[in-house]
Structure formats: C-alpha cells, structure tokens
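Contents: one structure, followed by commentary.
The values are calculated or read from the model by the stated rules, or taken from the named source; none is laboratory data. Note that the coordinates shown come from a computational prediction; the quantities given were computed from them, not determined experimentally. For neighbour counting, all protein chains shown are included, and Cβ atoms are generated from backbone atoms with ideal geometry for every residue, glycine included.
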Amino acid sequence: APPVPDILSPAFAADPYGAYRIMRESHPLILHEPTNSYVVSRYEDVERVFKDKAGEFTTDNYDWQIEPVHGRTILQLSGREHSVRRALVAPAFRGTDLQEKFLPVIERNARELIDTFRHTGEADLVDAFATRFPVLVIADMLGLDKADHDRFHGWYTTVIAFLGNLAGDPEVAAAGDRTRQEFAEYMIPVIQDRRESPGDDLLSALCAAEVDGVRMSDEDIKAFCSLLLAAGGETTDKAIASIFANLLTHPEQLAAVREDRSLIDRAFAETLRLTPPVHMIMRQTATDVELGGGRVPAGSTVTCLIGSANRDAARYRDPDRFDIFRTDLTSTTAFSAAADHLAFALGRHFCVGALLARAEVRTGVNMLLDAMPDVRLADGFTPSEQGVFTRGPASLPVRFTPVAG
Ligand code: HEM
C-alpha cells in the first residue's frame, strides 16, 4: 500500500485531494501522532461520526480548539443544553427574519463592495469581495455602528489566523489573545445598550430570545458573536471564492449559470461538495468505537476529513469533476444538504447558518454577474487553493468590461 499521508505535511497542503484518495483506498483509519488524533476519510465513516446515532462522539475537543478565542459557544455544548441554546439563536437564521430583515442587509453590503471596483474592469474577487462580504453582513446584521465595521473585519482576520495557527507562531497567538479581550471590551457595552434600547437587529433579537425560561447572558451573546466571525465569516468567504474559481475555470457552466440564475443553488451545492470551505472537523470519542475498519479508544480525538468524504467514489460518480448538472446530488439546494454533501456537517451541530450562507451566495453571485458581464480570469492565471483545516482560493484576479449600474 502507498505510504500513509501526513495531514500536516507541505505536500498535503499543496494537494490534499491525492492524499485523500490514498487514505480512502488504503488507510481508512490513521492514527496521526502529531495531532494525536484518528483520521477518517471515507464518506460512510465521516457521515457516521456526524450523525452519531449511538451517542459515541462528543464535541469536548472544542474546549481546547475554540474556547481560547471564542469562549463557550453552542459548538461545545451537547444534549438538552445544546438544543435549548441552539433554539435561542436559530430563528434569526431562517424563515421570515432572514427574508424580511436581513435580505436587504445582504443586498446593501454586496452593492457597496461591488461599487468599489465595478468601474475599474478588474478586481481580485477574494480580496475585494469574498473576504469582506460575509463579515460585513454579520456586523450589519448585528446592528453595529458602520464606523466600527473595519475594526470588526480586523478582528475577523486575527481570529481566523489564530484558529489556523497550526505552527504555533507566538505572535499570532498573542494577537488572538488581544482580539479576544478587545472583542469583549467592545461587545459587552454594545450588548448592554441593546438590552436597554432594543432595535430591529440581530443583537437585540439575541438579547430578547427566551426558550424554556432560558436566556443568554452578555457573555453568551459575546461568545456567539465571536463564533460568527469564524463560523459565518470565513466559511462563506471561502465558499464565494470557490464558487467563482470553479465557474471561471468551467466557462460553459458559468455561461449556463449566467443565463439561468436559478442554477446558482446547484453551483453552490456542487462547490460545497467538491471544494468545501471546512475540510476538517474534530470530535472526541465518548466510548471505545469501531470506525474505519479499526478500533478507536474512548477519549480519543477523531479528525473527520470532509474534503475527502465529499469525493468518495463509493458515493459520487466521477467525484473529482465539477459538474453542476450532476444527478447524484439529490437536493441541489445546498441547505437540505443531508443528501448531497457533508460541507455543513450533519446531525445536532448541522450548520445553523446554511440558509444565510445560501442567501449570501445567491445575492453575491447574482450581483457580481450583473456587474461583470464578461468576467474572466486575468490572463495566464490559474486559481490555487490554500489552507488545511479550512481551504479556498488564495486570490482570484479577474477582468471584465465595466457596465453602468
Ligand atoms: C456549524 C460549515 C456558514 C453559523 C457548522 C458546521 C459546519 C459548518 C461544518 C458544523 C461544525 C461541527 O459539527 O463541529 C459552514 C459552511 C458555511 C457556513 C461551509 C458556508 C458555506 C455559516 C453562516 C453562519 C454559520 C453564514 C451564521 C452566520 C454556524 C453555527 C454553527 C455552525 C452557529 C454551530 C451549530 C451548532 O453547534 O449547533 N457550520 N457554515 N455558518 N455554523 Fe456554519
């Protein structure tokens, strides 16, 4: 059998997809010593961990993974405590709130960003749009002062760097600590102000939310807002960059989407399958578990390779091909993803923001296509992905003929 790939090696970062295939075919369960975790790569195994029908897996690993930067969030919780806390935040991200309150926010922020480059005929869609749009949408949804949006975006950048700091760079770690403090010093007074004079924004809704007599403390709300930087910012950032990278490198599919905008949902679902923003999610075993053809002892960390599961030939035909018309995605709508891909996970912690992400992608892609009628990659440019835990195109320089608008 080919040698066991190392998920922290430079070769893996350069091309994880080849390594994923080797893992699925020859090493479906790997004990990875540097991260002291058991790595699973097949669709059926990753799906089983996420669904956790038998109560074998916990999210206790998040106590060391994300607690240091976000504090205590719903990702760490389990059982009834999780379902109540989740019910407190979920209503804002679906149904009427999303449609009526937040769609205008999404549209406004997309327009403002596109207006910064639409007349120039060129842009880096990663730097000028993808890395900014979802974070600004969250800041605006929360109802933060416009003057503070740049600061909010700055915190986003340091939080993402902190979470991705695999090498343990002390400067990145120190910046993360500072951000945690600054974020709290900024957010807590804003939350207190919103309790006294509520508005029509997400922060006021979180302050007022009550389920079974439980309400969120200032600290709970701050932690949730901090989580949104990574969970709602970086993910959607990379999804938008990737959907454009995939479409720009498949011009005939881009033309189909431009012609029929209802295909954006399919392109989003297929992008999340082929190039998911989050490649790895970890869990901890509550008991000894049989997994990936082997045995994982209680108390172990399990690393689930979403980026691999989504390309498992046992699940998808021609799995490495980008094809928005593939017939083995059954829902094609990206959010009822249980049948399509594992990019939003599954089960109790299934992404709360999936509908919001889809709304942002619909609006963003629609408005960008309108503003850039003949958008194409800059001459000679080939997109390349970067990142290991989260992954997406590093940059995406494009050219287009400016139109009035
Ligand atoms: C959970 C992916 C967009 C908020 C998750 C999880 C994944 C994920 C994989 C599960 C984590 C786990 O099980 O450990 C994505 C992707 C997105 C996206 C790929 C974009 C394409 C968003 C947005 C928001 C959001 C826009 C909100 C603004 C959350 C929250 C959770 C979560 C709060 C925790 C849910 C829980 O623990 O019950 N997301 N997400 N996500 N996501 Fe997303």
Inset, instruction - Please verify whether region 114-131 includes one or more residues that are away from the ligand (no atom under 14 Å from the Cβ) and over 28 Å from Ser242 (Cα atoms). - result: no
Inset, instruction - Considering only region 152-172, state which residues are of a type in the set (A, V, I, L, M, F, W, C) and touching a Leu at 6+ places or on another chain (Cβ under 7 Å). - result: Phe152, Trp155, Val159, Leu166
Inset, instruction - Of the numbered conditions (1) part of a helix (DSSP H, G or I); (2) modelled with pLDDT of 95 or more, Ala11 fails exactly one; give the number of that condition. - result: (2)
Inset, instruction - Working only within region 1-27, note down all residues that are in contact (Cβ under 8 Å) with a residue 12 or more places away in the chain and either under 22 Å from Gly347 (Cα atoms) or polar (S, T, N, Q) (or both). - result: Ser26
Legend entry - Residue check for Asp115: in contact with a helix residue (DSSP H, G or I) (Cβ under 9 Å, 6 or more places away or on another chain), at pLDDT 95 or above, of a type outside the set (S, T, N, Q) and closer than 24 Å to Val403 by Cβ: yes
Legend entry - Residues satisfying the stated conditions in region 229-273, i.e. farther than 18 Å from Arg376 by Cβ and without any contact (Cβ under 8 Å) to a residue 60 or more places away in the chain: Asp260, Ser262, Glu270, Thr271
Legend entry - Residue check for Leu369: in contact (Cβ under 8 Å) with a residue 24 or more places away in the chain, within 21 Å of Arg111 (Cβ to Cβ) and crowded, with 20+ Cβ neighbours inside 10 Å: no
Inset, instruction - Of the numbered conditions (1) buried (at least 18 other Cβ atoms within 10 Å of the Cβ); (2) outside any helix (DSSP H, G or I); (3) more than 9 Å from the ligand (Cβ to nearest atom), Ala345 fails exactly one; give the number of that condition. - result: (3)
Legend entry - Which listed residue, of Glu122, Glu107, is over 26 Å from Phe152 (Cα atoms) and modelled with pLDDT of 95 or more: Glu122
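Condition check ((1) farther than 20 Å from Phe344 by Cα; (2) touching a strand residue (DSSP E or B) at 6+ places or on another chain (Cβ under 7 Å)) across all residues:
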site	(1), (2)
Leu248	yes, yes
Pro251	yes, no
Ala255	yes, no
Asp260	yes, no
Phe268	no, no
Glu290	yes, no
Arg295	yes, no
Thr303	no, yes
Legend entry - Residues being among the polar types (S, T, N, Q), surrounded by fewer than 24 Cβ atoms within 10 Å (Cβ to Cβ) and under 18 Å from Leu125 (Cα atoms) - total across region 220-263: 3
Inset, instruction - Only residues that are within 15 Å of Asp115 (Cα to Cα) and within 13 Å of the ligand (Cβ to nearest atom): list them for region 353-375, please. - result: Thr363, Gly364, Val365
Inset, instruction - Taking Leu272 as the residue in question, decide whether it is in a helix (DSSP H, G or I) and more than 16 Å from the ligand (Cβ to nearest atom). - result: no
Inset, instruction - Report yes if some residue within region 243-261 is touching a helix residue (DSSP H, G or I) at 6+ places or on another chain (Cβ under 7 Å), within 23 Å of Met23 (Cβ to Cβ) and within 13 Å of the ligand (Cβ to nearest atom); otherwise report no. - result: no
Legend entry - First in region 72-87 and without any contact (Cβ under 8 Å) to a residue 24 or more places away in the chain, second anywhere and among the acidic types (Asp, Glu) and away from the ligand (no atom under 11 Å from the Cβ), Cβ under 8 Å, 6 or more apart: Gln76/Asp60; Gln76/Asp63; Gln76/Glu67
Inset, instruction - Look through region 28-60, keep the residues that are within 15 Å of Leu166 (Cβ to Cβ) and without any contact (Cβ under 8 Å) to a residue 60 or more places away in the chain, and return whichever of them is surrounded by the fewest Cβ atoms within 10 Å (Cβ to Cβ). - result: Glu33
Legend entry - Matching helices (runs of 4 or more DSSP H) fully within region 133-226 where at least 2 residues are at pLDDT 95 or above and within 14 Å of the ligand (Cβ to nearest atom): 133-142, 202-208
Inset, instruction - Scan region 93-100 and give yes if some residue there is within 14 Å of the ligand (Cβ to nearest atom), more than 30 Å from Leu29 (Cβ to Cβ) and not in a helix (DSSP H, G or I), otherwise no. - result: yes
Legend entry - Neighbours by Cβ (under 6 Å, 6+ apart or cross-chain): first from region 117-137, in contact (Cβ under 8 Å) with a residue 24 or more places away in the chain and aromatic (Phe, Trp, Tyr); second assigned to a helix (DSSP H, G or I) and more than 16 Å from the ligand (Cβ to nearest atom): Phe129/Leu113; Phe133/Leu113
Inset, instruction - Considering only region 320-331, state which residues are at pLDDT 95 or above and either in contact with a strand residue (DSSP E or B) (Cβ under 6 Å, 6 or more places away or on another chain) or crowded, with 21+ Cβ neighbours inside 10 Å (or both). - result: none
